[in-house]
Amino acid sequence: LMHDRFHTAKSSGERAILSMALQTFLELQRRRQETYERVRELSRQIQGSERQISLVNQRVDHWVRGLGTCTESDVRLIAVLGDTLAAQEARLRNSKQELVDAEQRLVQIVGLWATSRF
């Protein structure tokens, strides 16, 4: 619809807004694909971190029960894995937020076009 309207618009202002909307729409499509791929990869990384934390927690649980040992490296590993997991989850939230922001920009541009008089 925007593409057809762009080619039939006579007002330079309308053409400029539609051009901006079309560019934003194409950028949004590209970003959507990149975001979905990034979300899939981050989800895999998060699952890996969670598995590692679970394994270390099992060793700590054995130590608490007196069935094994817990070393300083186990404690450091737990801290590192916790930080890694928090960073991965933050990147996941940021990736999703970037997509939402891009979608909102498109809505704003189309809203501007829809409410403008040409």
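The values are calculated or read from the model by the stated rules, or taken from the named source; none is laboratory data. Since the structure is predicted, the reported quantities are computational estimates derived from the model, not experimental observations. Heads up: the accessible areas ignore ligands, DNA and RNA and are worked out on the full protein's heavy atoms, side chains in. Shrake-Rupley method; radii C 1.70, N 1.55, O 1.52, S 1.80 Å.
Within the accessible area of the chain, what % is carbon and sulfur when the probe is 1.4 Å and the other protein chains stay in place?
C and S fraction of accessible area: 55 percent.
Could you state the angle between the C-alpha long axis of helix 12-64 and the longest principal axis of the C-alpha atoms of the chain, as a value from 0 to 90 degrees rounded to the nearest 10?
That helix lies at roughly 10 degrees to the long axis.
Counting alpha carbon pairs within less than 8 Å and at least 6 residues apart, what relative contact order, in whole percent, applies to the chain?
40 percent
Per-residue ellipticity at 222 nm for the chain, helices alone: DSSP H runs ≥ 4 residues times -39500 (n - 2.57), over residue total, nearest 500 deg cm²/dmol?
-32000 deg cm²/dmol
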